[in-house]
Amino acid sequence: MITARRWSAGLLVVGLLVGGCSANLSPAPAVSAAAATAFAPSPAATPSVAAPSASPVASAGSSPSASGSAGPAIPIDPLLLAILPVTVGGQPISEMPDIETNLMTDPDLQTNAASLAVALGINSATGDFAYVAIIQLKPLVFSDAWYTSWRQSYDEGACSQSSGLKSTSSTTIAGRRVFVGHCAGGALTYHVHLTGPDRVVSITSVGSAGFGALVVGALKP
């Protein structure tokens, strides 16, 4: 059975970003990208949130490995960010190298990820932001069960700093199926699966400007 509980602390940064930038949809206190990055926890200091452990040949019913490091550091690939718009709400979307570095040696992501990249679009005056994690998966990792567990884990982690996960839904944005997590405190998560190769785009969005939906709507083929 795939578990959603043995996850990387690195992706919990989205939840801490929500907490640090105000998780309701009213205008948030001013916050800088540097301040947001400072909320990234160390892997030993926080609960884990990541993708279900699934080797390239694992079936949906396989149990995750309990071992430590799963292999070499995950390559950071800034080219993954080419699918993103250059700006969101008039604000630049910038790569976040410090957060990427924290994710490179996460054991669960090492099992599943071929490469990764992280970016942030933020309005420092209002606190609106979209945190975007793009994970390119290893061959044969993706399945419906894997994706469901990934979304559940991510949403629970992100919403843990926004009064908990209230509900989930799915919608269509720009012709793509998008899964949306609704935090009780107002933050939203968005998940998109892209193929050729398999990539998962997961976004945490805070603020009335709807940066997350804007990013999803502007994703390039």
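Of all residues in segment 194-208, those satisfying the criterion of being open to solvent by less than 50 Å² (accessible area, probe 1.4 Å) and on the phi < 0 side of the Ramachandran plot are Leu194, Asp198, Arg199, Val200, Val201, Ser202, Ile203, Thr204, Ser205, Val206. When the residues of segment 145-170 are filtered to those that are among the hydroxyl-bearing types (Ser, Thr, Tyr) and more than 18 Å from Val132 (Cβ to Cβ), the one that is least open to solvent (accessible area, probe 1.4 Å) is Ser149. Look at segment 141-159: where a residue is under 16 Å from Asp108 (Cα atoms) and a partner is in a helix (DSSP H, G or I) and of a type in the set (Val, Ile, Thr), sitting 6+ places away or on another chain with Cβ atoms under 8 Å, you get Tyr154/Val14; Gly157/Val14.
Among the conditions (1) assigned to a strand (DSSP E or B); (2) under 16 Å from Asp198 (Cβ atoms); (3) open to solvent by less than 40 Å² (accessible area, probe 1.4 Å), the only one that Ile74 does not satisfy is (1). When residues in segment 110-122 are screened for being crowded, with 22+ Cβ neighbours inside 10 Å and in a helix (DSSP H, G or I), 2 of them pass.
The values are calculated or read from the model by the stated rules, or taken from the named source; none is laboratory data. Because the structure is predicted, anything quoted here is derived from the model rather than measured. FYI the Cβ positions are ideal-geometry reconstructions off the backbone, even for glycines, and counts take in every protein chain you see. For accessibility, only protein heavy atoms count, side chains too; no ligands or nucleic acids. Shrake-Rupley method; radii C 1.70, N 1.55, O 1.52, S 1.80 Å.
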